[in-house]
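J.: Quick one: the structure is below, questions incoming.
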Amino acid sequence: MKISKFVSPEIIFGRGAMSQVGESALRVGANKVFVVSDEGVTNAGWVERAVAYLNAVGLQYEIFYQLTSNPKDYEVTRGLQKYLDSGCDVLLAVGGGSPIDVAKSIAILATNGGRVQDYEGINKISKPLPPMLVVASTAGSGSEVTQFAIVVDSLRKLKMAIISKSLVPDIAIIDPEILQTKSAKLTAATGIDALCHAIEAFVSLAATPLTDVHALNAIRLISGNLRESVACRTNLEAKTNMAMASLNAALAFSNAILGATHAMAHQVDGLLDQHHGESNASLLPHVMEFNLIACPEKFKLIASAMGEEVTGLSTRAAAEKAVEAVRRLIADVGLNKGLGELGLKEEFIPRLSKNALNDACLITNPRDADENDLEAIFKRAM
């Protein structure tokens, strides 16, 4: 039996879990809390709610929310300066992937110095980080429990993947009630991102029995609840199931890493400033078709988890049903657009393919892929 590791923060899950913010900050030793969020989450009232819980336990705070949906290196630099000037000693991210990844990046630079680019890749962080708390506002990014931070290099126009166990937050608070303020489009995009996390983690070369359990459960929950969550903002049962699905998927991919879909989507997002879930939706079925021959038995299990009837089918035919089911779900939630419709021009494909070869997520893709392979997938996804 091969040896494997599984990392996870303390997780507080359930409706009303946000009420634990103040007590959680005290438990990690906070005196003053640096709250990182974005404009959408702030306008929805969730930052106000979070700081009310900090006030209730007598904690001071500073708020930083000047972020975009694909966080940039210069936004991290601005946030770092504000953090250093504030005298804060704990970071609290309230939001989706953007605020969480910026909070993680600020934490890196606060104690390790340098530029965020210095930490691109795997295990480049040497010094301990300040305590980090996260309140997740989407059922998708999963950054609240992962050892990943994704930040755009604004000069190279690509997303950098920073991977280190140091980036796992101390406490992750997941409150499904927050999901009720998300639009149908954002619900769809983040849900497909979570599906992509689960599928890529399940077929990853670094998958283990521990990650497989989480990945398969996420696939089942997303297949059974994403349509309903997109259709009705107040469907709390669907929101709760999607929050759990996102958590399961994130625990899986944090430990099993990802694959070609994310390696390629990171390049599209960095170039076009495109929402990550929409890029994944355009690429995922095509990457699945490419990977299918590497692990058809796993694709058969994905099909079954998505409710497809596979009894009596050959392994290949059953595996192909997984791709069909993913395509159908993407179409049902309104994300069945090609990369061309998202704004990608074919002339950029060689550059994106070359950059994707250097993305850490490609290392664990189940099928070897060279630059020509990635170019072909990009073209099919147009």
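J.: Segment 1-68: which trypsin sites (Lys or Arg not before Pro) are DSSP loop and have at most 16 other beta-carbon atoms within 10 angstrom?
T.: Lys2, Lys5, Arg15
J.: Using the Karplus curve 6.51 cos²θ - 1.76 cosθ + 1.60 with θ = phi - 60°, work out ³J(HN,Hα) for each residue of segment 262-274 in order, rounded to whole Hz, and write x for Gly and Pro.
T.: Going residue by residue, I get 6, 4, 7, 4, 4, 6, 5, 4, x, 6, 9, 6, 8 Hz, with x marking Gly and Pro.
J.: Something else about it: Need the list of lysines near Lys298 for cross-linking: C-alpha distance under 16 angstrom, and skip anything on the same chain fewer than eight residues off.
T.: Leaving aside lysines fewer than 8 places away in the same chain, those within reach of Lys298 are Lys321.
J.: Enumerate the whole-percent occupancy of each 5 Å bin, from 0 to the last occupied one, for all C-alpha pair distances of segment 40-110.
T.: That works out to 3, 16, 29, 26, 19, 7, 1, in percent per bin.
J.: Toward the positive end of the charge dipole of the chain, about the Cα centre and with charges on Cβ (Lys, Arg +1; Asp, Glu -1), which of Ala243, Ile178, Ala189 goes farthest?
T.: Checked the options; the winner is Ala243.
J.: Right, something else. Please report the projected area of segment 189-335's Cα convex hull averaged over all directions, in nm².
T.: Its average projected convex-hull area is 8.2 nm².
J.: Roughly how far apart, in whole Å, are the Cα centres of segment 74-99 and segment 271-330?
T.: Spelled out, the Cα-based centre of one part sits 37 Å from the other.
J.: Take Thr208, Thr364 and order them by how many other Cβ atoms sit within 10 Å, fewest up front. List each step's numbers first, then the result.
T.: On the way: Thr208 18, Thr364 21.
Starting with the residue having the fewest Cβ neighbours, the order is Thr208, Thr364.
J.: Does anyone have the angle between helix 73-86 and the longest principal axis of the chain? Alpha-carbon axes, 0 to 90°, nearest 10?
T.: Taking Cα atoms only, the helix is inclined about 20 degrees.
J.: Now, a different point. Sorted by mean Cβ packing within 10 Å, highest first, what order do the peptides 232-239, 172-179 take? Provide the component values of the computation, followed by the final result.
T.: Working: 232-239: 16.4, 172-179: 24.4.
Averaged packing, sorted descending, gives the order 172-179, 232-239.
J.: In segment 90-118, which residues have a backbone nitrogen under 12 Å from the label point lying 7 Å from Ala56's Cα in the Cα-to-Cβ direction?
T.: Of the residues in segment 90-118, none has backbone N under 12 Å from the label point off Ala56.
J.: Using helices alone, what [θ] at 222 nm do you get for the chain, with -39,500 (n - 2.57) per DSSP H run of 4 or more residues, divided over all residues and rounded to the nearest 500?
T.: -16000 deg cm²/dmol
J.: Please report the antiparallel percentage of DSSP beta bridges with both residues in the chain, rounded to the nearest 5.
T.: 20 percent
J.: Using only Cα atoms and rounding to the nearest 10 degrees, what angle (0 to 90) does helix 371-380 make with the longest principal axis of the chain?
T.: 80 degrees
J.: What is the dipole size for the chain, taken about its Cα centre, with +1 at each Lys and Arg Cβ and -1 at each Asp and Glu Cβ, in debye to the nearest 20?
T.: 220 debye
J.: Follow-up. Between Leu84 and Arg227, what length in nm is gained on full extension when 0.36 nm per residue of separation is reduced by their alpha carbon distance?
T.: 47.2 nm
J.: Say we join alpha carbon atoms closer than 10 Å with springs in a Gaussian network model of the chain; which of Ala256, Ala161, Ala17 then has the biggest fluctuation?
T.: Ala17
J.: Then there is this: Which shape class, rounded, prolate or oblate, goes with segment 217-262 when its Cα gyration tensor gives a ≥ b ≥ c as root eigenvalues, a/c under 1.5 marks rounded, and past that a/b bigger than b/c marks prolate?
T.: Prolate.
J.: Which shape class, rounded, prolate or oblate, goes with the chain when its Cα gyration tensor gives a ≥ b ≥ c as root eigenvalues, a/c under 1.5 marks rounded, and past that a/b bigger than b/c marks prolate?
T.: prolate
J.: Among all the aspartates and glutamates, which ones have a C-alpha under 17 Å from Lys354's C-alpha, if same-chain residues fewer than 8 places away are not counted?
T.: By straight Cα distance, Lys354 reaches Glu120, Asp153, Asp269, Glu346, Asp368, Asp370, Glu371, Asp373, Glu375.
J.: Sticking with this structure for a sec: Convex hull volume of the Cα atoms in segment 10-178, per residue, in Å³?
T.: Normalising the Cα hull of segment 10-178 by residue number yields 95 Å³.
J.: Now for a separate question. Counting other beta carbons within 10 Å of each Cβ, put Val268, Val310 in order, fewest first.
T.: In increasing order of surrounding Cβ atoms, one gets Val310, Val268.
J.: Between Ala184 and Lys2, with labels modelled 7 Å along Cα→Cβ, what's the label distance in nm to one decimal, could you check?
T.: 4.3 nm
J.: Pick from Ser166, Ser19, Ser126: which residue has the top mean-square fluctuation in a GNM of the chain where Cα pairs under 10 Å get a spring?
T.: For the chain, modelled as a Gaussian network with Cα springs under 10 Å, the answer is Ser126.
J.: How far, in degrees from 0 to 90, does helix 236-256 lean away from the longest principal axis of the Cα atoms of the chain, to the nearest 10?
T.: 80 degrees
No value in this document is a laboratory result; all are computed from the given coordinates. These numbers come from a predicted model, not from an experiment. Every residue, glycine as well, gets a Cβ built from its backbone with ideal geometry; the counts of neighbours run over all protein chains shown.
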